[in-house]
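Asks: The structure follows.
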Amino acid sequence: MKIIIADFIYTPDGFIKNQAIAFNDTIVAIDTPEALQTRYKDAKTHHTEANSVLYPGFINTHVHLEFSANKTALQYGSFMPWLHSVIEQRDTLLASCDNATMKQACESMLRSGITTFGAISSFGTELEVCEQTPQRVVFFNELIGSNAAYADMLYGDFTQRLEASMHCVKNSRITPAIAIHSPYSVHPVLLHKAIGLAKQHTLQLSAHFLESQAERDWLEKGEGEFKPFFEKFFNTSTPVTTIEEFIHAFDTYPTHFTHCVQASKEELEYLINKGHSVAHCPRSNRYLGVGRLAIEHLLDAKFSVATDGLSSNDSLNLFDELRAALMLHHQAPIDKLATRLIHAVTSDAADILRLNCGKIAVGKNADFAVVTLPETPKREEEIALWTILQTKEVSEVYIEGEKYV
Ligand code: BEZ
Ligand code: FE2
């Protein structure tokens, strides 16, 4: 048994003061340091630095490790030029993204307090790194392919990758899962097969959804910037699905939808009512010029804040992302938004990924991130705000009770 003491602990009931946690691989008790030391006489006690806040480990629900080599190769500013640059640079970027690069990406996430991430995997090349990293990884094998002629081949490749992620090394913390690339890039036959597979094996499901106005124009009217794209690369000028058809395919299976920037209020409400959740990627959205997610419609629902990959970001640091969210949603009261965002990257994200972490409560996994503030917060309602504004890296990280930072 171990005991950790912090000036503040972030619990589902808010920040508590001068308390401690007794834990092994899970949280065993939360009480005063004295009470825990009396109860667990042989426990090793650790005092965190002054002005430390103990959080559950932070969760980044959506990242593409395979694109970690991108620095300036991809074109930012607007979605379609970016997508064209991905197609042009993909082979070079993938070839230069070796295990060392992806390991560095995982380590940078760990230093920013991320103890769990959702890896969206296009090719399965990051599986080995995800097996070796200490973090929990929900490994989302991505399915792509709008052309019916290649459907069988693409589905076969997808199921092979899924199988590989189901047979990981024993002590890895991987959960296999499925990602649908997007409504415009996945043929409905493939879509329904994959959702069926997710249901059959109770696998988590994720999909990019309504990321750009171009996507909306294409799905609604078969027009806009996607038209020349599909004519050039796929010799077609008709979308394979509609927005309604795509959403309805997920009706009975809670899914994590990424971006949703161009979703209407009604569409967001529909998703929420069906038990789905949203991954909000503010910097990716800004860098690809796709607009602002109307986060105000999601505040009472479940959403996460995620970095997306280095293919549309400048870091995988979750605090950089949270600061961006605070700037992007400039009309929201800043301390309330900060508190809501911390909830999103802990409790909400764990519920979304169906993992037993993300909350400081008895029985939850002992995954912690210790944030040390530069001085004592003057007003307790601002602790989340100062955490986001003052933190580049956390001072300690624990996963399943083991210390990694
Ligand atoms: C496809 O495989 O159909 C596809 C891939 C990327 C963008 C659009 C479509
Ligand atoms: Fe993504």
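Asks: In deg cm²/dmol and to the nearest 500, what is the mean residue ellipticity at 222 nm of the chain if only DSSP H runs of at least 4 residues count, each as -39500 (n - 2.57), divided by the residue total?
Replies: After summing the helix terms and dividing by the residues of the chain, the value is -10500 deg cm²/dmol.
Asks: I'd like to know which of L110, S395, I3 lies farthest towards the positive end of the charge dipole of the chain, counting +1 on Cβ of Lys and Arg and -1 on Cβ of Asp and Glu.
Replies: My answer, from the dipole projection, is I3.
Asks: Relative contact order for the chain: what is it in percent, counting Cα pairs under 8 Å that are at least 6 residues apart?
Replies: Normalised by residue count, the contact order of the chain is 22 percent.
Asks: Mind checking the stretch 1-86 for trypsin sites (Lys or Arg not before Pro) that DSSP puts in a loop (not H, G, I, E or B) and that have at most 14 other Cβ atoms within 10 Å?
Replies: K41, K71
Asks: On each of the three principal axes of the Cα atoms of the stretch 1-74, give max minus min coordinate, whole Å, ordered largest first.
Replies: On the principal axes, the stretch 1-74 reaches 58, 23, 22 Å in Cα extent.
Asks: Most exposed first by the Cβ proxy, i.e. fewest other Cβ within 10 Å, how do R136, R354 rank?
Replies: R354, R136
Asks: Based on the Kirkwood radius over alpha-carbon pairs, what value in µm²/s does the Stokes-Einstein equation return for the translational diffusion coefficient of the stretch 279-381 at 37 °C and 0.692 mPa s?
Replies: D, rounded to a whole number, is 220 µm²/s.
Asks: Also, quick follow-up: Cα centroid distance between the stretch 268-283 and the stretch 319-373, in Å?
Replies: Going from one Cα centre to the other spans 16 Å.
Asks: Anyone know which of T202, T116, T391 comes out most mobile in the 10 Å Cα GNM of the chain?
Replies: T202
Asks: Now a separate question. Taking a temperature of 20 °C and a viscosity of 1.002 mPa s, what whole-number D in µm²/s does Stokes-Einstein yield for the stretch 220-342 with Rh from Kirkwood over alpha carbon pairs?
Replies: D = 134 µm²/s.
Asks: With a 10 Å cut-off between alpha carbons and a GNM built on the chain, which of N365, N18, N147 moves the most?
Replies: Result for the chain, Cα springs under 10 Å: N18 fluctuates most.
Asks: Then there is this: Springs between alpha-carbon atoms under 10 Å, Gaussian network over the chain: tell me which of T376, T175, T159 tops the mean-square fluctuations.
Replies: Residue with maximal mean-square fluctuation among T376, T175, T159: T376.
Asks: Could you tell me the distance between the Cα centroids of the stretch 157-206 and the stretch 69-127, to the nearest Å?
Replies: Here the answer is 20 Å between Cα centres.
Asks: For the stretch 328-405, what does the convex hull of the Cα positions come to per residue, in cubic angstrom?
Replies: Per-residue hull volume (Cα only) is 118 Å³.
Asks: Beyond 24 Å, what share of the Cα-Cα pairs of the stretch 1-138 is found? Please give it as a whole percent.
Replies: 50
Asks: Let me ask you something else. For a distance above 23 Å, tell me the whole-number percent of Cα pairs in the stretch 90-240 that qualify.
Replies: 45
Asks: Mind sorting S206, S85 by how few other Cβ atoms lie within 10 Å of their own Cβ, fewest first?
Replies: Ranked by crowding around the Cβ, least crowded first: S85, S206.
Asks: Can you give the Rg/Rh ratio of the chain, where Rg is from the C-alpha atoms and Rh is the Kirkwood radius?
Replies: Radius of gyration relative to Kirkwood radius: 0.98.
Asks: Please report the equivalent ellipsoid semi-axes of the stretch 190-284, computed as sqrt(5 x eigenvalue) of the Cα gyration tensor, largest first, in whole Å.
Replies: Working through the eigenvalues yields semi-axes of 24, 17, 12 Å.
Asks: Under 16 Å Cα to Cα from K103, which aspartates and glutamates show up? Leave out anything in the same chain fewer than 8 places away.
Replies: E66, E126, E128, E131
Rule-based calculations on the coordinates, nothing more; no lab input. These numbers were taken from a predicted model, which means no experiment stands behind them. Counting neighbours? That spans all protein chains shown, and the Cβs are built from the backbone with ideal geometry, glycine included.
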